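Down below is the structure, laid out as structure tokens.
A short reminder: the numbers here are calculations on the coordinates, not readings from a lab. Since the model is a prediction, treat every value here as computed from it, not as a measurement. Because the Cβ atoms are built from the backbone with ideal geometry, glycine has one as well, and the counts that use them run over all protein chains shown.
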Amino acid sequence: MTNLYIFPLSDLHLGSNHCNLDFFYKWCKKFEDAPSNKAIYLLGDLLEFPTTRIDAYDVNLTTHEALERLIELLEPYKEYVRYVCTGNHEARSLKDFNYDITKQIASRLDAQYTRNDFFDKIVEDDKEFIIYGKHGTKVSKNPLLAMNNFVSDMNHIQADLYMQGHNHYSAFYSQYERCFNEGSRASYLFTGHFLNYNNSYAHDKGLLVSPPSFSRLKIDKNLHIVCDTFYEDEV
């Protein structure tokens, strides 16, 4: 197997007044520059879905406009999109209006849909590499504590790579786990976000300044992972 490049994408919040589309175009450029053996996983909160109670005055697109714009942005890459997860923002459309907008995204991109989480499998020389992904359910003011919670929460799930969005951090951590037949390495990824900080909800609450960021994973023929993280202030 040649190197496989994985591009997880989450927390774009398209339609929000704080969405940083200029930085998303840098994600597009990194994806286009990668070799052809690559995959995209969409991990939720791609749209800023307001309700009558939350964020109703902090959007610049209607839900329909945001959906159509998202499809327009991602359609050139649809052959690479493998799974689409529901984020807590998309879940509002299902809860409040019984409209599953994530299913619409998956259908329009010809990708596999999940309301909750997914397992994907890569096989190389009879060796299996298992990828687990979901949007995420927890937030923390401390990235180290967030990663500790992430690792702990995955104790009942077996995979080689765990990916999660939601908390707007970019972070990669791996650890060697012993088992009867020697052991294996488990890796954990927070997938970043595309929101400006200034005058946002995070700014108002005094949360950690977490610049817009995304990660690119390279999996080599031995199924080893190299993670490159790109922050807005560095690219």
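A few comments on the model shown:
- Taking a quarter of the surface of the Cα convex hull of the stretch 4-231 gives a mean projected area of 12.6 nm².
- Mean separation of Cα contacts under 8 Å (6+ apart) over length of the chain, as relative contact order %: 22
- FRET E, pair residue 2, residue 94, Förster distance 41 Å, beta-carbon r, rounded to 0.05: 0.60
- When you filter the GluC sites (Glu not before Pro) in the stretch 73-141 for DSSP loop state and at most 16 other Cβ atoms inside 10 Å of their Cβ, nothing is left.
- FRET efficiency, residue 82 to residue 204 (Cβ-Cβ, R0 45 Å, nearest 0.05): 0.80
- Across the stretch 92-196, the relative contact order, built from alpha-carbon pairs under 8 Å that are at least six residues apart, equals 19 percent.
- Of 171, 210, 147, farthest towards positive along the dipole that unit charges on Lys, Arg, Asp, Glu beta carbons give the stretch 107-226: 210
- If R0 is 22 Å, the Cβ-Cβ spacing of residue 234 and residue 22 corresponds to a FRET efficiency of close to 0.90.
- Near-label residues of the stretch 1-39 by backbone N, under 20 Å of a point 7 Å along Cα→Cβ of residue 154: 4-11, 39
- Dipole magnitude of the chain, debye to nearest 20 (Cβ charges: Lys/Arg +1, Asp/Glu -1, about Cα centre): 360
- Residue with peak Gaussian network fluctuation, the chain [Cα springs, cutoff 10 Å], from 203, 156, 89: 156
- The chymotrypsin sites (Phe, Trp or Tyr not before Pro) of the stretch 150-235 meeting both criteria, a DSSP state outside H, G, I, E and B (loop) and at most 14 other C-beta atoms within 10 angstrom of the site's C-beta, are 180.
- Full-extension gain in nm, residue 139 to residue 116, via 0.36 nm per residue minus C-alpha separation: 6.6 nm
- Separation between Cα centres of the stretch 135-201 and the stretch 7-69, rounded to whole Å: 20
- A straight Cα-to-Cα reach below 22 Å connects residue 95 with the lysines 103, 134, 138, residues fewer than 8 places away in its own chain not being considered.
- Cut-off 18 Å, label 7 Å out along Cα→Cβ of residue 37, residues of the stretch 99-135 by amide N: 121-131
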